[in-house]
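K.L.:
Take this structure first; my questions come after.
The values are calculated or read from the model by the stated rules, or taken from the named source; none is laboratory data. Small disclaimer: the values here were computed from a predicted structure and weren't measured. Don't worry about glycine lacking a Cβ; one is built from the backbone with ideal geometry, like all the others, and counts go over all protein chains shown. Remember, those area values only see protein heavy atoms, side chains included, never the ligands or the DNA or RNA. Shrake-Rupley method; radii C 1.70, N 1.55, O 1.52, S 1.80 Å.
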Amino acid sequence: MNNEKKILLGITSGIAIYKVVDLCSRLVKAGYEIEIIMTENATKMISPLVFETISRGKVHTDMFHSGHHEEVEHIEMARRADLFLIAPTTVNTLAKIANGIGDNLLTSTVLAYDKTVMLALSANTKMIENPATIENINKLQDRNFEFINSKSGMLACNNIGNGRLAEPEEIFERVEDYFVEKDLKGKNIIVTAGPTREDVDPVRYITNRSSGKMGFAIAKKAFQRGANVTLIHGDCKVSPPYGPENIRINYNHELKSEIEKRFDDADCLIMAAAPCDFRVEKYSENKIKTKNNLILNLVENEDILKYFGEKKKEQMVIGFAAETFDLHENALKKLESKNCDYIIANDVSSSTSGFDVDDNKVSIISREDTIDMPLMPKIQVADEILDLI
Ligand SMILES: Cc1cc2nc3c(=O)[nH]c(=O)nc-3n(C[C@H](O)[C@H](O)[C@H](O)COP(=O)(O)O)c2cc1C
């Protein structure tokens, strides 16, 4: 799909330019066709040869170069591109764009471009928070510009503060988001992911093998498809995706109360989390001494999926059933007993699907139908699940 998408990548002379080598490589590997414009100052920081090699294309730098001119370069580049991304964007180039100045190839091409321009800003904190910069950002908010805001952290000037360029992963994801059809726009979706835990004593707890990957994939895709997504998750082995509101919890009661706060306004709850089914009957205030044959009495926890299944009015509730035998029968029982609209059933006895791997083989079960899906990447499973909404 990406093969058809052309990205015009503008590069200016911010110190974070080194991150854009990585970004460019990611975009190329994902199949985007990249055309690059560097400002003259940017070429003093990194040679165009680096970007020419990584992008496997031409890097344009000079508006007035001599040679063969079949076309007016900045007009044709603007016409060809599906998205114009400028990373890093210096506050200088931002100021020119905000004021309609076209004094070099990059800024002239921005003037000739009528689709979305994404600006990934980065500069020293004082420069980025300068009233002139803020005014320039505000000027562009109502036009065809999207901002990838700078982050706080250690800056190249050795100060700690706002101004770091967003990481290449985030910029890459924003590009991917841009090209996904926004068919879930306006929907409020709560996605839960990963395990919860139950404390045994001050140093030990019980949990389960859920990695959070399936829930994170659903949250990422729902966000890309335009939904307002809240992702509520336990301690996961992977980082949560950029975009959704991200709420970290540890315990079942936190999971329940965070869902509760949002449930009335939600269109859909997708419970991909694996809350602990049991807790120890008696938490030990002191660390339990090592001994042979320690017996822990476990009692059943409240069933959160069932609670929201019974509470729902207009909301769609989608649950997961991780089973090791009688997959369909058990999933159907779960659908009925928890009053869900759909159960996504997966057989976790296989090592290639389910917990902690990138692929999943699921069955989508409703009262009317059972659809057995083939083994596929979780990100693709996520799309199939979101198609139900
Ligand atoms: C080492 C160095 C690092 C710089 N880093 C930044 C930066 O991160 N952000 C920024 O807005 N300007 C930065 N500047 C200043 C810009 O390079 C300067 O404003 C330049 O005129 C911008 O030109 P351009 O927008 O055409 O690339 C830096 C300058 C130097 C020498």
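K.L.:
Say whether the condition of being open to solvent by 30 Å² or more (accessible area, probe 1.4 Å), modelled with pLDDT of 95 or more and under 24 Å from residue 379 (Cβ atoms) is met by at least one residue in segment 267-276. Steps first, please.
P.N.:
Residues of segment 267-276 that are open to solvent by 30 Å² or more (accessible area, probe 1.4 Å), as a first pass: 267, 275.
This time we only want the ones that are modelled with pLDDT of 95 or more, so: 267, 275.
Filter once more, keeping what is under 24 Å from residue 379 (Cβ atoms): 267, 275.
Yes - at least one qualifying residue is present in segment 267-276.
K.L.:
Another question, if that's okay. Out of segment 1-39, which residues are part of a helix (DSSP H, G or I) and of a type in the set (Asp, Glu)? Break it down stepwise before answering.
P.N.:
Kept after step one, since they are part of a helix (DSSP H, G or I), are these residues of segment 1-39: 2-4, 17-29.
The answer is 4, 22.
K.L.:
Let me ask something else. Restricting to segment 308-330, name every residue that is small (Gly, Ala, Ser) and under 20 Å from residue 254 (Cβ atoms). It would help to see each step written out before you state the result.
P.N.:
Our first condition is that a residue be small (Gly, Ala, Ser); within segment 308-330, this holds for 309, 319, 321-322.
Residues satisfying the conditions are 309, 319.
K.L.:
Any residue that is of a type in the set (Gly, Ala, Ser), within 12 Å of the ligand (Cβ to nearest atom) and closer than 20 Å to residue 178 by Cβ - is there at least one of those in segment 121-132?
P.N.:
Among the residues of segment 121-132, at least one is of a type in the set (Gly, Ala, Ser), within 12 Å of the ligand (Cβ to nearest atom) and closer than 20 Å to residue 178 by Cβ, which makes the answer yes.
K.L.:
Identify, please: which residue in segment 96-111 is near the ligand (Cβ under 9 Å from one of its atoms) and in contact (Cβ under 8 Å) with a residue 40 or more places away in the chain and is, among those, nearest to residue 137 (Cα to Cα)?
P.N.:
106
K.L.:
Can you name the condition, by its number, that residue 342 falls short on among (1) farther than 23 Å from residue 254 by Cβ; (2) surrounded by fewer than 18 Cβ atoms within 10 Å (Cβ to Cβ)?
P.N.:
So residue 342 meets the others, but not (2).
K.L.:
Give the residues of segment 1-59 that are within 16 Å of the ligand (Cβ to nearest atom), of a type in the set (Ser, Thr, Tyr) and either open to solvent by less than 80 Å² (accessible area, probe 1.4 Å) or farther than 27 Å from residue 151 by Cβ (or both), sorted by residue number.
P.N.:
Hits for segment 1-59 are 12, 13, 39, 43, 47.
K.L.:
Taking residue 151, is it within 14 Å of the ligand (Cβ to nearest atom) and surrounded by fewer than 19 Cβ atoms within 10 Å (Cβ to Cβ)?
P.N.:
Numbers: within 14 Å of the ligand (Cβ to nearest atom): yes; surrounded by fewer than 19 Cβ atoms within 10 Å (Cβ to Cβ): yes.
It is true that residue 151 is within 14 Å of the ligand (Cβ to nearest atom) and surrounded by fewer than 19 Cβ atoms within 10 Å (Cβ to Cβ).
K.L.:
Quick one: is residue 366 modelled with pLDDT under 90 and open to solvent by less than 80 Å² (accessible area, probe 1.4 Å)? Full working, then the answer.
P.N.:
Numbers: modelled with pLDDT under 90: no; open to solvent by less than 80 Å² (accessible area, probe 1.4 Å): yes.
No, not satisfied.
K.L.:
Here are the criteria: (1) touching a residue at least 60 places away in the same chain (Cβ under 8 Å); (2) open to solvent by 10 Å² or more (accessible area, probe 1.4 Å); (3) touching a Lys or Arg at 6+ places or on another chain (Cβ under 9 Å). Tell me which single one residue 235 does not satisfy.
P.N.:
(1)
K.L.:
Output the residues belonging to segment 292-307 that are more than 13 Å from residue 252 (Cβ to Cβ) and surrounded by 11 or more Cβ atoms within 10 Å (Cβ to Cβ).
P.N.:
Within segment 292-307, 296, 298 qualify.
K.L.:
Next question, about the same structure. Looking only at segment 155-168, which residues are open to solvent by 30 Å² or more (accessible area, probe 1.4 Å) and out of contact with any Lys or Arg (no Cβ under 8 Å at 6 or more places or on another chain)?
P.N.:
Restricting attention to segment 155-168, the residues satisfying the condition of being open to solvent by 30 Å² or more (accessible area, probe 1.4 Å) are 156-160, 162, 164, 167.
Passing the criteria: 156, 157, 158, 159, 160.
K.L.:
Now a separate question. Would you mind stating whether residue 207 is of a type in the set (Ser, Thr, Tyr) and open to solvent by less than 70 Å² (accessible area, probe 1.4 Å)? Outline the logic, then answer.
P.N.:
Values: of a type in the set (Ser, Thr, Tyr): yes; open to solvent by less than 70 Å² (accessible area, probe 1.4 Å): no.
The answer is no for residue 207.
K.L.:
Looking at segment 61-82, which of its residues are buried (at least 20 other Cβ atoms within 10 Å of the Cβ) and either within 16 Å of the ligand (Cβ to nearest atom) or under 19 Å from residue 168 (Cβ atoms) (or both)?
P.N.:
74
K.L.:
Consider residue 196 carefully, then state whether it is β-branched (Val, Ile, Thr) and either within 14 Å of the ligand (Cβ to nearest atom) or closer than 21 Å to residue 92 by Cα (or both).
P.N.:
Values: β-branched (Val, Ile, Thr): yes; either within 14 Å of the ligand (Cβ to nearest atom) or closer than 21 Å to residue 92 by Cα (or both): no.
Against the criterion (β-branched (Val, Ile, Thr) and either within 14 Å of the ligand (Cβ to nearest atom) or closer than 21 Å to residue 92 by Cα (or both)), residue 196 does not qualify.
K.L.:
Then there is this: I'm trying to understand the selection: among the residues of segment 152-182, which are farther than 27 Å from residue 233 by Cα and either assigned to a loop (DSSP other than H, G, I, E, B) or without any contact (Cβ under 8 Å) to a residue 12 or more places away in the chain (or both)?
P.N.:
Within segment 152-182, 154, 155, 156, 157, 158, 159, 160 meet the criteria.
K.L.:
Now for a separate question. Based on what the data block shows, is residue 111 in contact with a strand residue (DSSP E or B) (Cβ under 7 Å, 6 or more places away or on another chain) and either assigned by TED's automatic domain parsing to the domain that holds residue 169 or modelled with pLDDT of 95 or more (or both)?
P.N.:
Details: in contact with a strand residue (DSSP E or B) (Cβ under 7 Å, 6 or more places away or on another chain): no; either assigned by TED's automatic domain parsing to the domain that holds residue 169 or modelled with pLDDT of 95 or more (or both): yes.
In short, no.
K.L.:
Right, next: Are there any pairs, at least 6 apart or on different chains, whose C-beta atoms fall under 6 Å, with the first in segment 40-66 and in the same structural domain as residue 103 (by TED's automatic domain parsing) and the second open to solvent by 80 Å² or more (accessible area, probe 1.4 Å) and within 12 Å of the ligand (Cβ to nearest atom), and if so, which?
P.N.:
Listed by first residue and then by second, the contacts come to nothing, as the list is empty.
K.L.:
Restricting attention to segment 125-151, which residues are among the β-branched types (Val, Ile, Thr) and touching a residue at least 12 places away in the same chain (Cβ under 8 Å)? Working first, answer last.
P.N.:
Within segment 125-151, the subset among the β-branched types (Val, Ile, Thr) is 125, 128, 133-134, 137, 148.
Within segment 125-151, 125, 128, 133, 137, 148 qualify.
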